[in-house]
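Enquirer: Can you keep this structure in mind? I'll have questions shortly.
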2 protein chains.
Amino acid sequence: MADKDTSKPTFAVLGTGALGGYYGACLHRAGYEVHFLCHTDGPHIREHGLRVESEGRWAETLRVPAYDDARDMPAVDVAMVTLKTTDNHVLPTILPPVMKSNGVALVLQNGLGVEEQVAEIVGADRVIGGLCFLCSNKIGPGHIKHLDYGKLVFAEFTADGTPGGITPRLERAATVFADAGLPIETTDHLRRARWMKLVWNIPYNGLSVILQATTDRIMNTPATRELAQQLMREVLDLAEADGCRIPVAFIDDMMRATDRMEPYKTSMMLDHKRGRPLEIESMYSLPLTVGRTRGMAAPRIEALEKLLQYLATNTRRSGDK
Amino acid sequence: MADKDTSKPTFAVLGTGALGGYYGACLHRAGYEVHFLCHTDGPHIREHGLRVESEGRWAETLRVPAYDDARDMPAVDVAMVTLKTTDNHVLPTILPPVMKSNGVALVLQNGLGVEEQVAEIVGADRVIGGLCFLCSNKIGPGHIKHLDYGKLVFAEFTADGTPGGITPRLERAATVFADAGLPIETTDHLRRARWMKLVWNIPYNGLSVILQATTDRIMNTPATRELAQQLMREVLDLAEADGCRIPVAFIDDMMRATDRMEPYKTSMMLDHKRGRPLEIESMYSLPLTVGRTRGMAAPRIEALEKLLQYLATNTRRSGDK
């Protein structure tokens, strides 16, 4: 729809994992110039290409520019921040080299407080937030498997968490992703959208790690199905204390969406299996801190946080029965 | 102390596991007549004896009468109920044959509601409750390893949960166990004592199963150390709602006692490893129900209950990292 830019914007994917690899591949296939920053997969992707399989839809091995070092990358219009929040300490090093002076950072990470970290580096007026409703796994070096969903929600970042409006640049960004075949929406209230995302992430990421369970098994066991709902309810309480009211009916929406999902291993479950750091801080600790400063407790979420903190620093003692 | 019975009371151990095997062995060694009902270890114990090792104190293989069927056992003065609460459906079969007409049932199980089940079979006036503060594991057929502690607290059962006083028969029972070298106390308030026991059992049994962790690792990780304290606090809330006030300082006592323990695998952790049923009902669900009927929530305990219910019916999906 709408009038497309004649000079297509250029992209950098900062973190070529399940999420960055998939969205970057979609843009690349739509004819956009996309540069991929890799953690360890650079040599593999340069030699064999980036393999992306969107289950039941398409599968392709893409020849894309892949980098090991941000300083080797060209400056682009849109720098997509897709690395794990646990690696955000590298942002001051990798963001500035890849951003044109009028470029924007599109933050596609999970949890609260992620745009704030990027804004400190590039300035609040150059940050757009993006939420990804995506089931995608990295299953090998340079090998992404997109399982389901993929919707994006874009919103302007504001330093004080108030609605940022629907700006022309936000609409332009959304148009590009729509052009790449991706379902996309915009919203004027990033903070509220982040909380809505947490309504799913908080129960399923935590429970999947603690119980080593895919989403279907969490949903099909009455006890954990109820616990997931109770955790969602606590996220709504925290959000409301933070000035972001989410209707209770949204819990039913999330339950139904999860029921419809293919059995899914959350990103945190995969991180845990691979011995990688868990995104506990942005997904649990910061939301809890926000609630605490506003006098709102979330005891079940706090219990989950603490169980995850244990598992992040200890190995389970023995193989399960 | 005090005057000892000249005609020594006789005992039946109904469930020769980590707990019943140890206490029964102590009584046997002190010269009491003790009959052991076994689930599967009867043939082994009849052939090889009952092996009990009290670490750093004594180790002995005892020739004791071991039975596979309660109907083969003589009626005794004191029937010690030491089986898992998950097996309590057999009580109507095994209790009546072993009890003299003036005999008492001594209930040494965990959780709430256990004496009530026994009282339904033998009458409330024939029930004494006993709490065991014991670190003991069954490590093989007819093979018990006593690790630490062992204190007992005896109290009269009353159908309405009010204090039952310190009766002469309670003191006599306590004297026998003291005579067997066991640290023993009496209390007039069984219900309160049961709640006090839960202050330890609820955090450590649940966390040890969920995290596959021994007590030392739960205590040495700041996150789970704090969670254990928060769970204890919730037990105090439930107890108070049930009319049993426990001083907050008791939490510190339990924390210190756990710090001093040898690294310990809780009974529920061992049950889980062996694929045996977990005592979720008496240890979690019933206390939560009591709280709920009195308007008191315990969200962290409830979350633990639900995680345990998941693990009781599902196998963790894959070996842990």
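The values are calculated or read from the model by the stated rules, or taken from the named source; none is laboratory data. Since the model is a prediction, treat every value here as computed from it, not as a measurement. Cβ sites come from the backbone with ideal geometry, for glycine too, and all protein chains shown count toward neighbours. SASA here: full protein model, heavy atoms, side chains in, ligands and nucleic acids out. Shrake-Rupley method; radii C 1.70, N 1.55, O 1.52, S 1.80 Å.
Enquirer: Got at least one residue in region A:188-208 being at positive phi, touching an Asp or Glu at 6+ places or on another chain (Cβ under 9 Å) and either within 14 Å of chain B (Cβ to nearest Cβ) or open to solvent by less than 30 Å² (accessible area, probe 1.4 Å) (or both)?
Expert: No, there is no match, as no residue in region A:188-208 is at positive phi, touching an Asp or Glu at 6+ places or on another chain (Cβ under 9 Å) and either within 14 Å of chain B (Cβ to nearest Cβ) or open to solvent by less than 30 Å² (accessible area, probe 1.4 Å) (or both).
Enquirer: Here's a follow-up. Could you say whether any residue in region A:230-241 is open to solvent by 20 Å² or more (accessible area, probe 1.4 Å) and facing chain B (nearest Cβ under 10 Å)?
Expert: Yes - at least one qualifying residue is present in region A:230-241.
Every residue, every condition in (1) buried (at least 22 other Cβ atoms within 10 Å of the Cβ); (2) small (G, A, S), yes or no:
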{"site": "A:P9", "(1), (2)": "no, no"}
{"site": "A:L14", "(1), (2)": "yes, no"}
{"site": "A:G24", "(1), (2)": "yes, yes"}
{"site": "A:L27", "(1), (2)": "yes, no"}
{"site": "A:G31", "(1), (2)": "no, yes"}
{"site": "A:F36", "(1), (2)": "yes, no"}
{"site": "A:H44", "(1), (2)": "no, no"}
{"site": "A:L62", "(1), (2)": "no, no"}
{"site": "A:P65", "(1), (2)": "no, no"}
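Enquirer: Moving on to the next point. Quick one: count up the residues across region B:274-296 that are touching a residue at least 24 places away in the same chain (Cβ under 8 Å) and in contact with an Asp or Glu (Cβ under 8 Å, 6 or more places away or on another chain).
Expert: Here the count works out to 10.
Enquirer: Hey, among the residues in region B:120-139 that are touching a residue at least 12 places away in the same chain (Cβ under 8 Å) and more than 24 Å from B:V199 (Cβ to Cβ), which one's least open to solvent (accessible area, probe 1.4 Å)?
Expert: B:V122
Enquirer: Under 8 Å between Cβ atoms, which residue pairs at least 6 apart in sequence (or on different chains) link something in region B:95-115 that is assigned by TED's automatic domain parsing to the domain that holds B:N205 and acidic (D, E) with a partner that is open to solvent by less than 10 Å² (accessible area, probe 1.4 Å) and at pLDDT below 95?
Expert: Short answer, once both residue conditions are applied: none.
Enquirer: Looking only at region B:184-226, count how many residues are more than 15 Å from B:A257 (Cβ to Cβ) and among the basic types (K, R).
Expert: Result for region B:184-226: 4.
Enquirer: Which one of B:R245, B:R256, B:R217, B:R225 is under 18 Å from B:L304 (Cβ atoms), open to solvent by 70 Å² or more (accessible area, probe 1.4 Å) and not hydrophobic (A, V, I, L, M, F, W, C)?
Expert: Criteria check complete, one pass: B:R225.
Enquirer: Looking at B:D271, is it touching a residue at least 24 places away in the same chain (Cβ under 8 Å), surrounded by fewer than 17 Cβ atoms within 10 Å (Cβ to Cβ) and part of a helix (DSSP H, G or I)?
Expert: Criteria not met by B:D271.
Enquirer: Give the number of residues within region A:92-127 that are in a strand (DSSP E or B) and within 30 Å of A:E262 (Cβ to Cβ).
Expert: 2
Enquirer: Quick one: how many residues across region B:166-186 are part of a loop (DSSP other than H, G, I, E, B) and open to solvent by 30 Å² or more (accessible area, probe 1.4 Å)?
Expert: The qualifying residues number 4.
Enquirer: Out of everything in region B:295-321 that is within 7 Å of another protein chain (Cβ to nearest Cβ) and part of a loop (DSSP other than H, G, I, E, B), what residue ends up being modelled with the highest pLDDT?
Expert: B:N314
Enquirer: Can you confirm whether region A:72-80 contains a residue that is touching a strand residue (DSSP E or B) at 6+ places or on another chain (Cβ under 9 Å), surrounded by 14 or more Cβ atoms within 10 Å (Cβ to Cβ) and part of a helix (DSSP H, G or I)?
Expert: Among the residues of region A:72-80, not one is touching a strand residue (DSSP E or B) at 6+ places or on another chain (Cβ under 9 Å), surrounded by 14 or more Cβ atoms within 10 Å (Cβ to Cβ) and part of a helix (DSSP H, G or I), which makes the answer no.
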